[in-house]
Amino acid sequence: MKEFDFPNIRLKTTFEHQKFDIYCHSAHRISKTYRSNRIHTHDVFEILLCKSDNIFLLNNNIMSLVQKNDLMLFNATDVHGIIADPDLTFERYVLMFEPGFVGELCSTYNLLECFQRTPGKPVIPVCHLTEEQSDTIISFYDTLKKYNKDHSEIIKLKKKIVLAEMLLEINILFSEASIKPRVELHPDSQYEKIQRILSFINDNLAGELSLETISEQFYISTSYLSALFRDLTGFSLNKYIITKRILLATELLKQNQPVTLVTELCGFNNYSHFIRTFKKFEGISPKQYAVRWRNKERLRIMERPQKERPGIPADYLSGN
């Protein structure tokens, strides 16, 4: 087991939920890690290829040490960020894309399979690439980057084809035996404690998750818990819990679950409080979010050829 210790680091991070008005955007970035380690979620999928060593990744309740040529995947429910010495230079290739952009290409093969998470079995979304594999993936980034500012229909189609090819290659890479083994943390390290706390929170979002309850669960004081959590993640315990509950709510609303049931399953004891919190986070009410998502999915289905959408109820397509 290997222990990671950054005793002199205080993360310059805050939590943010990012929204993107893009369907596909590629970038190559080099910056100090203090400009890159903000803990966040976003409403698009992300493919990140690390080109630096000794970068510590927090993704939901999993902490991983990533190195040069490690490929990372994040979906719209992942709370993630970088933890590293702020003096390090962090080079990476980043691709952000709206999953629906390649939706109609998934009828014969699920190009988004590599982004799926199995409930109860957290997956570290990190795959180590050889130099040759890394160069192949970078070629996709570079091609897509050339199209960033061109939004014509022809270029849009080209981007869709290149992205589909890139996703197919990534699915193959993740299905092979190149997945990095999870790095074990020292049982007495601060990171291991936080990892257990994060796991407990993620497994009990419908239950009582007050500061006192979690402190009692792990036999530590409330003040120590608050300080430890903020030092290692960059945001408050309460902020993390609310964020995870709202992210769960969005997933349940996409499944057409009633708002009252979503309120209960996400640990909100007060219906009005849930509505206010959700609106503050997403900008619209839970009901509006569900309707918007349903309309968006209906539009995607209608854009497919008739033969590719068998078994779709007529009332779903008509909106009745």
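The values are calculated or read from the model by the stated rules, or taken from the named source; none is laboratory data. Just so it is clear, the structure is predicted and the values come from calculations on it, not from any experiment. Note that we place each Cβ from the backbone using ideal geometry, even for glycine, and neighbour counts take in every protein chain shown.
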All positions within segment 276-308 that are assigned to a helix (DSSP H, G or I), modelled with pLDDT under 75, among the basic types (Lys, Arg) and over 20 Å from residue 44 (Cα atoms): 307
Test for residue 205: is it within 21 Å of the chain's Cα centre (by Cα) and in a helix (DSSP H, G or I): no
Odd one out for residue 259 among (1) in contact with a Ser or Thr (Cβ under 8 Å, 6 or more places away or on another chain); (2) farther than 23 Å from residue 214 by Cβ: (1)
Residue in segment 78-95 that is part of a strand (DSSP E or B), modelled with pLDDT of 90 or more and under 16 Å from the mean Cα position of the chain (by Cα) present: yes
Leading residue by the ranking (modelled with the lowest pLDDT) among those in segment 110-131 that are surrounded by fewer than 16 Cβ atoms within 10 Å (Cβ to Cβ) and under 18 Å from residue 64 (Cβ atoms): 121
Residue within segment 261-274 that is modelled with pLDDT under 85, more than 25 Å from residue 81 (Cβ to Cβ) and under 23 Å from the mean Cα position of the chain (by Cα) present: no
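If you take the residues of segment 223-242 that are under 30 Å from residue 294 (Cα atoms) and in contact with a Ser or Thr (Cβ under 7 Å, 6 or more places away or on another chain), which of them is surrounded by the most Cβ atoms within 10 Å (Cβ to Cβ)?
Only one residue tops the list, namely 240.
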Selection from segment 43-77 of residues that are assigned to a loop (DSSP other than H, G, I, E, B) and polar (S, T, N, Q): 52, 54, 60, 61, 67, 69, 75, 77
Inter-residue pairs, beta-carbon under 6 Å, first at positive phi and at pLDDT below 80 and in segment 33-56, second of a type in the set (Val, Ile, Thr) and crowded, with 19+ Cβ neighbours inside 10 Å, 6+ apart: none
Any chance residue 65 is at pLDDT 75 or above and surrounded by fewer than 22 Cβ atoms within 10 Å (Cβ to Cβ): yes
Every residue from segment 250-275 that is touching a Leu at 6+ places or on another chain (Cβ under 9 Å), over 10 Å from residue 290 (Cβ atoms) and outside any loop (DSSP other than H, G, I, E, B): 261, 265
Residue among 201, 220, 194 that is farther than 16 Å from residue 268 by Cβ, crowded, with 16+ Cβ neighbours inside 10 Å and of a type outside the set (Lys, Arg): 194
